[in-house]
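A.B. asks: Just passing along the structure, written as structure tokens.
Every number in this text was worked out from the coordinates using simple rules, so none of it is lab data. Because the structure is predicted, anything quoted here is derived from the model rather than measured. Cβ atoms come from the backbone with ideal geometry, glycine included; neighbour counts cover every protein chain shown.
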Amino acid sequence: MSKLLYIQASPRGNRSYSIAVADAFVEAYRTAHPDDSVTTVNLFTTELPPFDGFALNAKYAILQGQDHTGEEAAAWKAVESVIEMFTSADKFVFAVPMWNFGIPYRLKHFIDVIVQPGYTFSFSPEEGYKGLVTGKPAFVAYSRGGAYPPGSDTEAFDLQTKYFELFLGFIGFTDVRRAVVEGTLSGPEAAEMARAAAVEEAKKSAQSF
Ligand SMILES: Cc1cc2nc3c(=O)[nH]c(=O)nc-3n(C[C@H](O)[C@H](O)[C@H](O)COP(=O)(O)O)c2cc1C
């Protein structure tokens, strides 16, 4: 039995395009794998530990091979519990809107919490950086108001897919599938067509996940 973790980075609930596409993926996955478990986490309703002060000092202490102080250890425990929630999953689904050409700040906060040396990546002078979250597939449903197709003048503005997939690759993911809903602000008809096409793509992708 596999554990699928479904992370939503939109606060827009059932009006969200990325969630609609990711939901379609998860529903198709559930039908294909009825015994697997699915845990859904919406980053806008889930409290994350602040990543400042003691947590940051704790990270640098690890990088420098030093022990944690009492306060650092306490802050680090909260960070470790989020990492454990993430790394204990076998498969991952993400709903990721574009915000200001990148990703929503709550998702960046989540990334800042879970990307930690010795947990999700390692470094050695001999081997450089190595991702530690390996052998696990990810599906990402991206949504954005504009359009950023490959080869277009706007492609360079797409720091959403580039950054998010760089992050996934950095921590070890090699099997990353995606469906993109573009032009969600181009009027209801165009948005609905884009949503329906991405939903179909997502359902297909779920069959072999
Ligand atoms: C704060 C904010 C910033 C946004 N920035 C961009 C942007 O830079 N480029 C773009 O194409 N759309 C942008 N949008 C539009 C969203 O990407 C679009 O509405 C998308 O459908 C949101 O995803 P969701 O429906 O899953 O919530 C922005 C929306 C918000 C709320």
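A.B. asks: For residue 162, give me every one of the lysines with a C-alpha distance below 16 angstrom, ignoring sequence neighbours fewer than eight places off in its own chain.
C.D. replies: Within reach: 108.
A.B. asks: If you don't mind, there's one more thing I want to ask. Extension gain residue 35-residue 77, at 0.36 nm per residue separation less the Cα-Cα distance, in nm?
C.D. replies: So the chain would gain 12.0 nm between residue 35 and residue 77.
A.B. asks: Here's a follow-up. How high is the relative contact order of the chain, given as a whole-number percent (alpha carbon pairs under 8 Å, six or more residues apart)?
C.D. replies: 26 percent
A.B. asks: Could you give the size of the charge dipole of the chain about its Cα centre, using +1 on the Cβ of each K and R and -1 on the Cβ of each D and E, expressed in debye and rounded to the nearest 20?
C.D. replies: 360 debye
A.B. asks: Can I ask one more? How do 144, 15, 177, 30 rank when sorted from fewest to most other Cβ atoms within 10 Å of their own Cβ?
C.D. replies: Final ranking by Cβ density, sparse to dense: 15, 30, 177, 144.
A.B. asks: Further question on the same structure: At a threshold of 8 angstrom on Cα-Cα distance, excluding pairs fewer than six apart, so keeping six or more, what relative contact order does segment 1-103 reach in percent?
C.D. replies: After rounding, I find 48 percent.
A.B. asks: Pulled fully out, how much extra length does the chain show between residue 197 and residue 166, if you take 0.36 nm times their separation in residues and subtract their Cα-Cα distance?
C.D. replies: The span from residue 197 to residue 166 would gain 8.6 nm if fully extended.
A.B. asks: Based on the Cβ-Cβ distance of residue 46 and residue 155, what FRET efficiency does E = 1/(1 + (r/R0)^6) give at R0 = 35 Å, to the nearest 0.05?
C.D. replies: 0.60
A.B. asks: Hey, how much of the P(r) for the chain falls beyond 28 Å, as a percent of Cα pairs?
C.D. replies: When all Cα pairs of the chain are counted, 31 percent exceed 28 Å.
A.B. asks: Now, a different point. Apply 1/(1 + (r/R0)^6) to the Cβ-Cβ distance of residue 84 and residue 189, taking R0 = 45 Å, and write down the FRET efficiency to the nearest 0.05.
C.D. replies: 0.50
A.B. asks: Something else: Given a Förster radius of 25 Å and the C-beta distance between residue 68 and residue 132 as r, what FRET efficiency does 1/(1 + (r/R0)^6) yield to the nearest 0.05?
C.D. replies: 0.80
A.B. asks: Right, here's the next one. Please give the calculated 222 nm ellipticity per residue for the chain, where each DSSP H segment of at least 4 residues contributes -39500 (n - 2.57) and the sum is spread over every residue; nearest 500 deg cm²/dmol?
C.D. replies: It lands at -13500 deg cm²/dmol.
A.B. asks: Now a separate question. Please report, in debye to the nearest 20, how large the charge dipole of segment 51-124 is about its Cα centre when each Lys and Arg carries +1 at its beta carbon and each Asp and Glu carries -1 there.
C.D. replies: It comes to approximately 300 debye.
A.B. asks: Note down the nm distance, to one decimal, between modelled labels 7 Å out along Cα→Cβ at residue 100 and at residue 56.
C.D. replies: It works out to 1.8 nm between the two label points.
A.B. asks: Using every alpha carbon pair in segment 1-48, what percent of pairs falls into each 5 Å bin from 0 up to the bin containing the largest distance?
C.D. replies: All Cα pairs considered, the percentages come to 5, 21, 28, 22, 15, 9, 1.
A.B. asks: Could you list, bin by bin from short to long, the percent of Cα-Cα pairs of segment 10-130 in 10 Å steps?
C.D. replies: P(r) for segment 10-130, in whole percents per bin: 11, 34, 32, 18, 5.
A.B. asks: Among 34, 124, 83, whose Cα sits farthest toward the positive end of the charge dipole of the chain (+1 at Cβ of Lys/Arg, -1 at Cβ of Asp/Glu, about the Cα centre)?
C.D. replies: 34
A.B. asks: Ordered by packing density, taken as the mean number of other Cβ atoms within 10 Å over each peptide's residues, highest first, how do 87-98, 44-55 rank?
C.D. replies: 87-98, 44-55
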